[in-house]
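Scroll down for the structure; my scribbles are underneath it.
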Amino acid sequence: MGVIKQLDPYLDEMLRCTRCGFCQAACPIYEELRTESSVARGKVQLLLAINNGQLEPTETIARYLYRCLDCRLCQQTCPGGVRTDEIFAGARQWAAGTELFPSPLQDLRQRVEASHNIAGEDNANRSMWQENLERPIALTEQAEVVFFTGCVSSLYPMVYGIPQSFV
């Protein structure tokens with residue numbers, strides 16, 4: 001059993017990574033940062049080193065785990081078929097349960113737990129985007145279509161135009 005229990009089912013799969021570089025060529029984060037730790041093969045090697053006791057888990061490594069768009073291009077281009085999405089989801093799940101969880105994400109978690117939205121705003125403001133509509137929205141018990149505006153469209157005035165255009 002490894003240090004990161006969530007990765008135990010993927011250890012053999014992680015060893016299948018041949019470090020060929022196909023993931024590197026496809027990764028939009030690597031394209032911007034040009035660091036090995038930002039690409040799938042680099043993160044897999046870091047996780048293996050942690051699990052083998054060769055490297056201590058650090059806040060920096062945890063940040064690397066969250067520095068991913070989850071676009072899965074690495075997985076699509078991997079000739080070995082390594083399920084990077086599941087590996088990194090397990091690693092992020094592990095980090096979320098430790099003191100290594102990045103502080104911006106800790107802050108986001110606390111805002112969502114306290115206010116049930118990412119902005120930390122009063123939910124009474126969720127319908128403010130409707131104020132400039134030509135005609136008010138009629139709420140009924142039955143509808144053919146339901147549009148969930150979510151946190152951003154309902155709480156950030158700069159994007160009120162999205163739900164307004166939809167309506």
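Consider the stretch 31-40 and keep the residues that are over 17 Å from Ala62 (Cα atoms) and assigned to a helix (DSSP H, G or I). The one that is least open to solvent (accessible area, probe 1.4 Å) is Glu31. Total residues in the stretch 1-30 satisfying the condition of being farther than 26 Å from Thr98 by Cβ, in contact (Cβ under 8 Å) with a residue 40 or more places away in the chain and open to solvent by 40 Å² or more (accessible area, probe 1.4 Å): the figure is 6.
Checked against (1) touching a Ser or Thr at 6+ places or on another chain (Cβ under 9 Å); (2) within 30 Å of Tyr30 (Cα to Cα); (3) assigned to a loop (DSSP other than H, G, I, E, B); (4) of a type outside the set (Val, Ile, Thr), Cys74 passes all but condition (3).
Considering every residue within the stretch 44-66, establish whether at least one is closer than 30 Å to Asn123 by Cα, modelled with pLDDT of 90 or more and either hydroxyl-bearing (Ser, Thr, Tyr) or open to solvent by 40 Å² or more (accessible area, probe 1.4 Å) (or both). Yes: the stretch 44-66 contains one or more residues that are closer than 30 Å to Asn123 by Cα, modelled with pLDDT of 90 or more and either hydroxyl-bearing (Ser, Thr, Tyr) or open to solvent by 40 Å² or more (accessible area, probe 1.4 Å) (or both).
Comparison of Gly97, Gly81, Gly120 shows that the only residue that is at positive phi, without any contact (Cβ under 8 Å) to a residue 12 or more places away in the chain and not polar (S, T, N, Q) is Gly120.
For the stretch 123-148, which residues satisfy the criterion of being touching a Leu at 6+ places or on another chain (Cβ under 9 Å) and either open to solvent by less than 50 Å² (accessible area, probe 1.4 Å) or under 27 Å from Gln106 (Cα atoms) (or both)? The answer is Asn123, Asn125, Arg126, Trp129.
The values are calculated or read from the model by the stated rules, or taken from the named source; none is laboratory data. All of these numbers come straight from a predicted model, not from anything done at the bench. Note that we place each Cβ from the backbone using ideal geometry, even for glycine, and neighbour counts take in every protein chain shown. Accessible surface areas use protein heavy atoms only, side chains included; no ligands, DNA or RNA. Shrake-Rupley method; radii C 1.70, N 1.55, O 1.52, S 1.80 Å.
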